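Student: Quick one: the structure is below, and I'll ask about it shortly.
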Amino acid sequence: MLIVGDSPYWTLRLLSKHLQALGLQSGDAVMVHAALRSAGPMLGGPDTLIEALLDVLGPEGTLLCYVNWEQQYEDAIDETGHVPEALKADIPPFDPAASRASRDHGAFAEFVRTTPGAHRSRNPGASVAGPPGSLPITHLTTDMARALLSTSLLQQTAKC
């Protein structure tokens, strides 16, 4: 780590080297969940980690992050599985472009989701996001994703 003042910081170059030492390489497909406090301070903040991942993965690689969304309706569902009419006006619907990543998945998920040019899947129940280059995976419909599961990048990611 680079010492700035009295504090150690990760740099893009150091993060890239460590990711490569972990076995990440160009063309890989990865699903990342990162605890930013555990990772430590980075020059440039969490965007530096995203950039380091993309740097190592290269233009043929895929970076995804499970983002889900703030499902505010779950506790309001009635016995028939529906949101009561009286609450519908107050519970925002899922919007792939605007709905925040679930807080349960940490700040990194929201950083990935809001990376300029990022894409997000349209499925509110299993929403993933990725920076530019992840478009083919994040725009799959649920049926397409199920059909491709056995050979998909998601399955390859699970092997990493």
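The values are calculated or read from the model by the stated rules, or taken from the named source; none is laboratory data. All values derive from a computational prediction rather than experimental measurement. Note that we place each Cβ from the backbone using ideal geometry, even for glycine, and neighbour counts take in every protein chain shown.
Student: Answer yes or no as to whether ALA129 is within 28 Å of SER26 (Cα to Cα) and not in a helix (DSSP H, G or I).
Tutor: Against the criterion (within 28 Å of SER26 (Cα to Cα) and not in a helix (DSSP H, G or I)), ALA129 qualifies.
Student: For region 1-90, please list each of the strands (runs of 3 or more DSSP E) lying entirely inside it that holds at least 1 residues being out of contact with any Pro (no Cβ under 8 Å at 6 or more places or on another chain).
Tutor: 2-4, 29-31, 62-66
Student: Search region 121-138 for residues that are modelled with pLDDT of 85 or more and pair each with any residue that is surrounded by fewer than 13 Cβ atoms within 10 Å (Cβ to Cβ) when their beta-carbon atoms are under 7 Å apart and the residues are at least 6 apart or on different chains.
Tutor: Once the first residue is modelled with pLDDT of 85 or more and sits in region 121-138, its partners that are surrounded by fewer than 13 Cβ atoms within 10 Å (Cβ to Cβ) give PRO131/GLY117.
Student: Of all residues in region 95-117, count the ones that are assigned to a loop (DSSP other than H, G, I, E, B) and either buried (at least 22 other Cβ atoms within 10 Å of the Cβ) or not small (Gly, Ala, Ser) (or both).
Tutor: Selection size over region 95-117: 7.
Student: Now for a different question. What's the number of the only condition in (1) more than 20 Å from the chain's Cα centre (by Cα); (2) within 25 Å of GLY125 (Cα to Cα); (3) small (Gly, Ala, Ser) that ALA97 fails to meet?
Tutor: So the condition that ALA97 fails would be (1).
Student: Among the numbered conditions (1) surrounded by fewer than 14 Cβ atoms within 10 Å (Cβ to Cβ); (2) closer than 24 Å to SER127 by Cβ; (3) out of contact with any helix residue (DSSP H, G or I) (no Cβ under 9 Å at 6 or more places or on another chain); (4) touching a residue at least 60 places away in the same chain (Cβ under 8 Å), tell me where PRO59 comes up short.
Tutor: PRO59 satisfies every listed condition except (2).
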